[in-house]
1. Kindly indicate the residue of segment 48-69 that is in a strand (DSSP E or B) and over 13 Å from residue 106 (Cα atoms) and also modelled with the lowest pLDDT among those meeting that condition.
2. Consider residue 62 against the criteria (1) surrounded by 15 or more Cβ atoms within 10 Å (Cβ to Cβ); (2) touching a helix residue (DSSP H, G or I) at 6+ places or on another chain (Cβ under 7 Å): it satisfies all of them except one. Which criterion is unmet?
3. Quick check on segment 66-84: of everything there that is under 26 Å from residue 139 (Cβ atoms) and surrounded by fewer than 17 Cβ atoms within 10 Å (Cβ to Cβ), which residue is nearest to the chain's Cα centre (by Cα)?
4. Applying the selection to segment 97-156, what residues are within 14 Å of the chain's Cα centre (by Cα), in contact (Cβ under 8 Å) with a residue 60 or more places away in the chain, in a strand (DSSP E or B) and surrounded by 15 or more Cβ atoms within 10 Å (Cβ to Cβ)?
5. If we keep just the residues of segment 177-193 that are over 17 Å from residue 90 (Cβ atoms) and at pLDDT 85 or above, which is surrounded by the fewest Cβ atoms within 10 Å (Cβ to Cβ)?
């Protein structure tokens, strides 16, 4: 009986030493998730009337004299990656939009905070350098933008360029749309984390 116990003990030790080692160290990286955020604020501001305050709207109107402010709240998380996406559905659908002229929309960050009631005169001094452009005539595009967790990203869409902290008309035409989730119409912020 004693010999049998010793044999069982050696057999169990042998099987333990041949077992696959368990990995040690940090846990594997988890899959990144993504969110599609819609603007929580849309305001049209008029260059030709810089002191006039405009309130929130669901319709963006972008002309050589009118720009549109968009605001997005970025959720708290570690190291988000953000992309502004612009989309217009194929023409002829139930929801109408307008693209006349070049349809090239420039996107510029706002360095500061814009509230529900603002004017062109309040926005113009806060403009930064351009992030890039969307071609509304081709119905969409995407631009990577810097972002931080738990902050608000505010941008202006316009058909003209900021020069010397003033918006000067160099574009032509009109881009006008009603922000919608379905069919996807307008500007969204895609956040990956």
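The values are calculated or read from the model by the stated rules, or taken from the named source; none is laboratory data. Treat the numbers as computed from the prediction; the structure is a model and nothing was measured. Cβ sites come from the backbone with ideal geometry, for glycine too, and all protein chains shown count toward neighbours.
1. Within segment 48-69, the match that is modelled with the lowest pLDDT is 54.
2. Against the list (1) surrounded by 15 or more Cβ atoms within 10 Å (Cβ to Cβ); (2) touching a helix residue (DSSP H, G or I) at 6+ places or on another chain (Cβ under 7 Å), residue 62 comes up short only on (2).
3. 83
4. 143, 145, 152, 153, 154, 155, 156
5. Within segment 177-193, the match that is surrounded by the fewest Cβ atoms within 10 Å (Cβ to Cβ) is 192.
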